[in-house]
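Worksheet for the structure shown next.
The values are calculated or read from the model by the stated rules, or taken from the named source; none is laboratory data. Computed from a prediction, not measured in an experiment: that's the story for all the values here. Here the Cβ positions follow ideal geometry from the backbone for every residue, glycine too, while neighbour counts run over all protein chains shown.
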Amino acid sequence: MKEIDSLVFVFIPVEASMPLTMDSCREIRRRVFIEEQAVPSEVEQDSNDALSAHLLLTKGAHPIGTLRIRKTEEGLKLERIALLKEYRGNKLGRLLVIEGVKRARELYRKERIYVHSQVQASNFYASLGFKRGDKYIEEGQRLHVVMTLSETAEKELLLQ
């Protein structure tokens, strides 16, 4: 755990058994993706949770954000990045992604780090140093863009 003011990051390694913490991650994702963005539950709830490390952001006793880190053939994918609506706009999403990059790098030293961003969120990731790549429609839902973290931007993020 790492505390920043009243924020706490809880890290769940791959294959770790932390059911209550995972329930909090899934609840945040349900609220953001299924309820708010109308992503079908069968799309959001995939089989990759067991293959991924997870990061939960809490403010006081309240779970407010999450992401997962999954090793793929293309590198380290930060995915299912979600922050509850009432906590957006306060740089908490930025802190969540920076912590995710740090944790990803602790797990795997050499692989590239990337995200599949919804197009409307791509400026946020670009502000962190992710470079835009190809666009595609994910699961028949929303337009996404592949974004890769540059080495220079990663070094800057890891200093924060």
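Of all residues in segment 38-49, none that is closer than 14 Å to Met22 by Cβ has its Cβ atom under 9 Å from the Cβ atom of a residue that is loosely packed, with under 13 Cβ neighbours inside 10 Å, 6 or more apart or on another chain. Exactly one residue among Ile113, Ile137, Ile98, Ile64 is at pLDDT below 95, of a type in the set (Val, Ile, Thr) and at negative phi, and that residue is Ile137. For Leu157, state whether it is at pLDDT below 90, in contact with a strand residue (DSSP E or B) (Cβ under 9 Å, 6 or more places away or on another chain) and not aromatic (Phe, Trp, Tyr). For Leu157, the condition - at pLDDT below 90, in contact with a strand residue (DSSP E or B) (Cβ under 9 Å, 6 or more places away or on another chain) and not aromatic (Phe, Trp, Tyr) - is met.
Got at least one residue in segment 89-107 being closer than 22 Å to Gln37 by Cβ, in contact with a Ser or Thr (Cβ under 7 Å, 6 or more places away or on another chain) and of a type outside the set (Gly, Ala, Ser)?
No, because not a single residue in segment 89-107 is closer than 22 Å to Gln37 by Cβ, in contact with a Ser or Thr (Cβ under 7 Å, 6 or more places away or on another chain) and of a type outside the set (Gly, Ala, Ser).
Being surrounded by fewer than 16 Cβ atoms within 10 Å (Cβ to Cβ) and either touching a His at 6+ places or on another chain (Cβ under 8 Å) or over 20 Å from Leu107 (Cα atoms) (or both) is the filter; apply it to segment 4-25 and report the residue that is modelled with the lowest pLDDT.
Ile4
Take residues that are farther than 24 Å from Ser41 by Cβ and either touching a Lys or Arg at 6+ places or on another chain (Cβ under 8 Å) or touching a residue at least 60 places away in the same chain (Cβ under 8 Å) (or both) and tell me which of the strands (runs of 3 or more DSSP E) falling wholly in segment 74-160 contain 3 or more. Output list reads 142-149.
Can you spot a residue in segment 117-125 that is over 16 Å from Leu55 (Cα atoms), exposed (fewer than 14 other Cβ atoms within 10 Å of the Cβ) and of a type outside the set (A, V, I, L, M, F, W, C)? Working first, answer last.
Here is the first cut: in segment 117-125, the ones over 16 Å from Leu55 (Cα atoms) are 117-125.
Checking which are exposed (fewer than 14 other Cβ atoms within 10 Å of the Cβ) leaves us with 119-120, 123.
If we keep only those that are of a type outside the set (A, V, I, L, M, F, W, C) as well, we get 120, 123.
Within segment 117-125, one or more residues are over 16 Å from Leu55 (Cα atoms), exposed (fewer than 14 other Cβ atoms within 10 Å of the Cβ) and of a type outside the set (A, V, I, L, M, F, W, C).
Quick check: anything in segment 51-67 of a type outside the set (D, E, K, R), in a loop (DSSP other than H, G, I, E, B) and touching a Lys or Arg at 6+ places or on another chain (Cβ under 9 Å)? Checking segment 51-67: at least one residue is of a type outside the set (D, E, K, R), in a loop (DSSP other than H, G, I, E, B) and touching a Lys or Arg at 6+ places or on another chain (Cβ under 9 Å).
Residue check: Leu107 meets all listed conditions (1) within 14 Å of the chain's Cα centre (by Cα); (2) surrounded by fewer than 16 Cβ atoms within 10 Å (Cβ to Cβ); (3) aliphatic (A, V, I, L, M) but one, namely (1).
For residues that are under 17 Å from Arg80 (Cβ atoms), within 17 Å of the chain's Cα centre (by Cα) and surrounded by 15 or more Cβ atoms within 10 Å (Cβ to Cβ), tally how many sit in segment 129-141. Total meeting the criteria: 1.
Return a yes/no flag: does segment 76-85 have any residue that is more than 11 Å from the chain's Cα centre (by Cα) and surrounded by fewer than 16 Cβ atoms within 10 Å (Cβ to Cβ). Checked segment 76-85: at least one residue is more than 11 Å from the chain's Cα centre (by Cα) and surrounded by fewer than 16 Cβ atoms within 10 Å (Cβ to Cβ).
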